[in-house]
Amino acid sequence: MPNLLHLSTWLVIMFLYIRNGTAKSRKDDDRQYLCSSDAGYEDALSKGILFFEGQRSGKLPATQRVQWRADSALSDGSLENVSLSGGYYDAGDNVKFGWPMAFSVSLLSWAAAEYGHDIDSSRQLQNLQTTIGWGTDFLLQAHISSTTLYTQVIAIVYYDTIFTGKLWGMRMEITDAGSGRKTWTRPGLYKITSTSPGTEVAAEAAAALAAASVVFKEADSKYSAQLLRHSESLFQFADKYRGSYQGSCPFYCSYSGYKDELLWAAAWLYKASGDSNYLNYVSTNQDWSQPASEFSWDSKFAGAQTLLAKEFFCRKTDLLRFKNDADSFVCALMPGSSSVQIKTTPGGLLYTRDSSNLQYVASASMVLLVYSKILTAARVESVRCGSVNFSTTKITAFARLQVDYVSWKQSHEHVLHGWLRHQISDTVTPERLFPALNPHQSWRNRLQGCLLDLVHFP
C-alpha cells in the first residue's frame with residue numbers, strides 16, 4: 001500500500017527534476033511526454049506536497065488546502081494522559097508510525113537543505129517547510145521526556161467485527177476506543193523507554209529534528225533551536241539506552257540494527273550544531289560503517305556516509321572510511337561495476353525490492369546526485385570500481401536516468417498522464433466496504449492509483 005515513504009521519495013524525485021533543470025512543461029502531443037500544456041512537473045510537485053495535507057491527523061489549521069478534510073483523532077494519547085494529536089497517517093490504515101514518519105521528515109529536510117533555493121524558485125519552499133513542520137511538531141509532542149518517545153498510534157478499522165487496514169476512509173469519522181462508534185477505534189499506543197528501548201527510532205527522530213533544524217535555521221531560529229535541543233536529547237537517549245526496536249515493535253521493525261541510525265543522527269547533529277563532539281563520535285565509531293546498496297527507512301548507512309564524506313573532503317581526513325563506503329555505494333549500483341549488487345530492469349530502472357521499489361530508487365538517486373555534487377566540488381573526477389572508473393558525469397547521468405524513469409519519461413507506463421486525466425474508483429482496494437462514504441473526487445486518490453501502478457513494477 002502506498003504511504004508516506006512512497007510520497008516523500010516521490011517528492012524527492014520532483015525536487016531532483018527541478019534541481020537538474022528537467023522539470024519543463026511540454027505540450028501533450030506525444031505520449032512520450034507526460035505533461036499537458038497546463039500541468040508540468042512543478043504542478044506535480046505542488047500536488048505531491050498537497051498529499052501530505054490530506055494525510056494530516058489532528059486539529060487542522062485555517063490554512064488547510066484540502067478542503068474536504070476535517071479534524072480527526074483529537075484525543076490521541078488520552079489513554080495515557082498525553083497529547084499525541086497531529087502528525088501524519090501512514091496510509092489508508094489511519095495509523096501513525098513514528099519511525100517511517102521521522103525518516104520522511106529526514107528525507108524531505110535533506111532535500112530542502114540541499115536544494116532549497118531551487119525549490120523556492122518553484123514557489124514551493126514555504127509549503128515544504130510547513131509539511132516538514134507538521135511532522136516535527138508531532139515528534140516534539142511524542143518526545144514527552146528525556147527517556148520516553150511514543151512511536152506508534154494505532155487505528156483499527158472494523159466492519160462487522162472483521163479487521164481491515166485497507167480502507168481509505170474519511171478520517172473525521174475516527175473516534176476513540178469506547179466512544180460508542182463501532183466502525184473506527186484507536187486503542188493502541190506504543191512507546192520506547194529506558195527499560196524498553198528502541199535505539200533505531202529514537203536516533204531517527206533525532207536525525208529528523210536535526211535535519212529540520214537546518215531547514216528552519218533562517219526561517220524560524222527559535223523553532224530551529226527547539227528542534228536541535230530535542231534532537232540532542234533524543235540522541236543521548238538512543239545512545240545511552242541501546243536496544244533494538246526489533247524486540248518490541250508491532251510493525252515497521254528493524255532489520256539492519258541501530259548503528260546506522262546512530263551514525264546518521266550524529267552526522268546531522270554535527271551539521272546542525274557544529275559541535276565537534278558529534279564528529280568525534282562518528283570518527284570513534286566509524287568501524288560501524290559498512291558498504292551499503294540501499295538507502296531506506298531501515299538502512300541509513302549510505303546517507304550517513306554521504307554526509308560524512310563531505311566532511312572528509314573538508315579536511316576531516318580521519319573520516320576516510322565513510323568516503324570509501326560512499327564510493328562502494330556507487331559501485332553497488334552502477335551497471336558495469338565489478339561489484340554491482342542491484343540489478344536493473346530492461347528499461348534501466350534499479351530494482352531493489354519486489355514491492356515498493358520506487359522508494360528505494362528515489363532515495364538511491366538522491367544519494368548518487370548529492371554525492372556526485374560533493375565529488376565535483378572536491379574536484380574528484382571519478383569513482384573507481386575494480387577495473388572500471390565511473391566519472392561524476394556518468395554517475396549523475398545514471399541517477400538522472402532513474403529520475404526520468406520514475407517520472408515516466410522513459411517508461412511505457414504513462415502514469416502521470418493517467419493521474420491528470422483519469423478517475424480512480426472510490427477505493428484503491430477490492431473491498432468496497434463503504435462506497436457511499438467516499439464522495440470526494442480527489443487528486444489524492446488519482447495519485448494513489450499512479451503510485452500503485454509504479455510501485456508494483458510488472
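Which of the residues that make up segment 75-106 are over 15 Å from ALA212 (Cα atoms) and hydroxyl-bearing (Ser, Thr, Tyr)? Of everything in segment 75-106, those that are over 15 Å from ALA212 (Cα atoms) and hydroxyl-bearing (Ser, Thr, Tyr) turn out to be SER75, SER78, SER83, SER85, TYR88, TYR89.
Scanning segment 264-317 for residues that are out of contact with any Lys or Arg (no Cβ under 7 Å at 6 or more places or on another chain), of a type in the set (Phe, Trp, Tyr), surrounded by fewer than 24 Cβ atoms within 10 Å (Cβ to Cβ) and under 20 Å from ALA202 (Cβ atoms) gives TYR270, TYR278, TYR281. On the given criteria, is ARG65 without any contact (Cβ under 8 Å) to a residue 60 or more places away in the chain, assigned to a loop (DSSP other than H, G, I, E, B) and either under 24 Å from LYS191 (Cα atoms) or not aliphatic (A, V, I, L, M) (or both)? Spelling it out, ARG65 is indeed without any contact (Cβ under 8 Å) to a residue 60 or more places away in the chain, assigned to a loop (DSSP other than H, G, I, E, B) and either under 24 Å from LYS191 (Cα atoms) or not aliphatic (A, V, I, L, M) (or both).
Tallying residues that are of a type in the set (A, V, I, L, M) and more than 23 Å from the chain's Cα centre (by Cα) within segment 335-364 yields 1.
The condition of being in contact with a His (Cβ under 9 Å, 6 or more places away or on another chain) and either in a helix (DSSP H, G or I) or more than 24 Å from LYS259 (Cβ to Cβ) (or both) holds for ALA362.
Which residues, taken from segment 189-211, are under 11 Å from TYR150 (Cα atoms) and crowded, with 24+ Cβ neighbours inside 10 Å? Once the filter is applied, which keeps residues that are under 11 Å from TYR150 (Cα atoms) and crowded, with 24+ Cβ neighbours inside 10 Å, segment 189-211 yields ILE192, GLY198, VAL201, ALA202, ALA205.
You will find that of GLU232, GLU200, the residue that is free of Cβ contacts under 8 Å to residues at least 60 places away in the same chain and of a type in the set (D, E, K, R) is GLU232 and no other.
Taking each residue of segment 69-81 that is in contact (Cβ under 8 Å) with a residue 12 or more places away in the chain and at positive phi and looking for partners that are surrounded by 15 or more Cβ atoms within 10 Å (Cβ to Cβ) and β-branched (Val, Ile, Thr) with beta-carbon atoms closer than 7 Å, six or more apart or interchain, yields ALA73/ILE174.
The numbers here are math on the coordinates, done by the rules we state, and not lab data. Bear in mind the structure is a predicted one, so any value in this text is a computation, not a measurement. Positions of Cβ are generated from backbone atoms using ideal geometry, with glycine treated the same way; all protein chains shown enter the neighbour counts.
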